[in-house]
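One structure is given here, and the rest of the page talks about it.
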Amino acid sequence: MRIHIATDHAGLELSQQLQTHLREQGHEVTDHGPAAYDALDDYPSFCINAAKAVVRDQDAGIEALGVVFGGSGNGEQIAANKVKGVRAALVWNLSTAQLARQHNDANVISIGARQHEVAEAISFIDAFIAEPFSFEERHVRRIAQLAEYEASGDIAGKGVDQ
């Protein structure tokens, strides 16, 4: 699987360790930055580029997921979710990692690098990658509604305020 990674300065060490781990697991890893530590760097472009690459790969039929990091993971999740077609979930334990895929078919996860030990974060990512989408009708329906809103600004028959 191709895994797209992005971070800011707070997650740079975790990102480097994760990339090594993922490559050892046989994954193709694409690093979207930063290339070096800069305490004043800005995460949005790194995370948006990783998210865009996930969507581009998936649209081309390439099995791909994304992982973004920051101090808390919140801003990085928000940045990734600005990309059309991305469903980025903030993950803080094994259950949220598994449910992000199983129920939400998330294609990007965000992790707070300052919130978790490296081994713990890696376990979340491994669980996320391994967990398949359930394809349960209720989850498929809800994801379709999100895509409809993303495309049109409305969800037909669901009373979205205009």
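Extension gain, SER123 to HIS139, is 3.3 nm, computed as 0.36 nm per intervening residue step minus the present C-alpha separation.
Rg of the Cα atoms in the range 12-84, relative to 2.2 N^0.38 Å, amounts to 1.10. Considering only C-alpha atoms, what is the centroid distance from the range 74-94 to the range 1-58, in Å? Distance between centres, Cα-based: 13 Å.
Residues LEU22, LEU146, sorted by accessible area with the largest first, give LEU146, LEU22 [1.4 Å probe; ligands and nucleic acids excluded].
If you take the alpha carbon atoms of the chain and fit the smallest convex hull around them, that volume is 115 Å³ per residue.
Among the protein heavy atoms of the chain, carbon and sulfur supply 50% of the accessible surface, probe 1.4 Å, non-protein parts ignored.
Taking θ as phi - 60° and the Karplus parameters 6.51, -1.76 and 1.60, the scalar couplings of the range 44-57 work out to x, 5, 4, 5, 5, 4, 5, 5, 4, 5, 4, 4, 4, 5 Hz in sequence order, x denoting glycine and proline. Loop-located chymotrypsin sites (Phe, Trp or Tyr not before Pro) across the range 1-92 with a Cβ neighbour count of 11 or fewer within 10 Å are TYR37, with loop assigned by DSSP. Amide H to amide H, with H built 1.01 Å from N, VAL29 comes under 5 Å of ILE3, counting only residues 5 or more places away or on other chains. Counting only protein heavy atoms and a 1.4 Å probe, the chain has 51 square angstrom of accessible area per residue.
Sorted on the mean count of surrounding Cβ atoms within 10 Å across their residues, most packed first, peptides 152-159, 8-15, 129-136 read 8-15, 129-136, 152-159. Selection among GLY66, THR30, ALA119 by position relative to the dipole of the chain gives GLY66 as farthest towards the positive end (Cβ unit charges, Cα centre).
Per-residue ellipticity at 222 nm from helix content only, as computed over the chain with -39500 (n - 2.57) for each DSSP H run of at least four residues, stands at -15000 deg cm²/dmol. For the pair ALA151 and LEU94, the difference between a 0.36 nm per residue extended length and the Cα-Cα distance amounts to 17.4 nm.
Note on HIS27 and ALA130: the extension gain reaches 35.9 nm, defined as 0.36 nm multiplied by sequence separation minus the Cα-Cα distance. Within the range 77-162, the ratio Rg/Rh, alpha carbon atoms throughout and Rh by Kirkwood, equals 1.04.
The values are calculated or read from the model by the stated rules, or taken from the named source; none is laboratory data. Bear in mind that the values here come from a model prediction, so they are computed numbers and not experimental data. Glycine gets a Cβ as well: all are built from the backbone with ideal geometry, and neighbour counts include every protein chain shown. Note: accessible area is taken over every heavy atom of the protein model, side chains too, but ligands, DNA and RNA are not part of it. Shrake-Rupley method; radii C 1.70, N 1.55, O 1.52, S 1.80 Å.
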